[in-house]
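Bear in mind that the values in this text are calculations on the coordinates, not laboratory data. Just so we're clear, the structure is a prediction, and the values are computed from it rather than from any experiment. In this analysis, Cβ positions are derived from the backbone assuming ideal geometry, glycine residues included, and neighbour counts consider all displayed protein chains.
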Amino acid sequence: MTGGGSILQYQALDDRGDELLDQVEAQGDLGSSDWRGERIREYHLPRPGSGKEGIEPLLASIEPDWQQHVARITPR
């Protein structure tokens, strides 16, 4: 990977998880690519660490218990 960006993967655990990730993408103006058809979405972020500061707080603002519906695949 060039440019020092981050790649993060999150998996929807249920239909609500898909809805949450859809909302994050809309509100955060993020695009994702589906990965292996397993409800895993991969996000390419421009700055190192931008996922933790950008995606997870946004998930929490939409659904405080987001971790019941979405799992972070990428290690912290």
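Sorted by average packing, counted as other Cβ atoms within 10 angstrom per residue and highest first, what order do 58-66, 26-34 take?
On the way: 58-66: 15.1, 26-34: 12.0.
Taking the mean over residues of other Cβ atoms within 10 Å, the ranking is 58-66, 26-34.
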Computed lengthening from Arg16 to Gln68, 0.36 nm per intervening residue step minus Cα-Cα distance:
17.8 nm
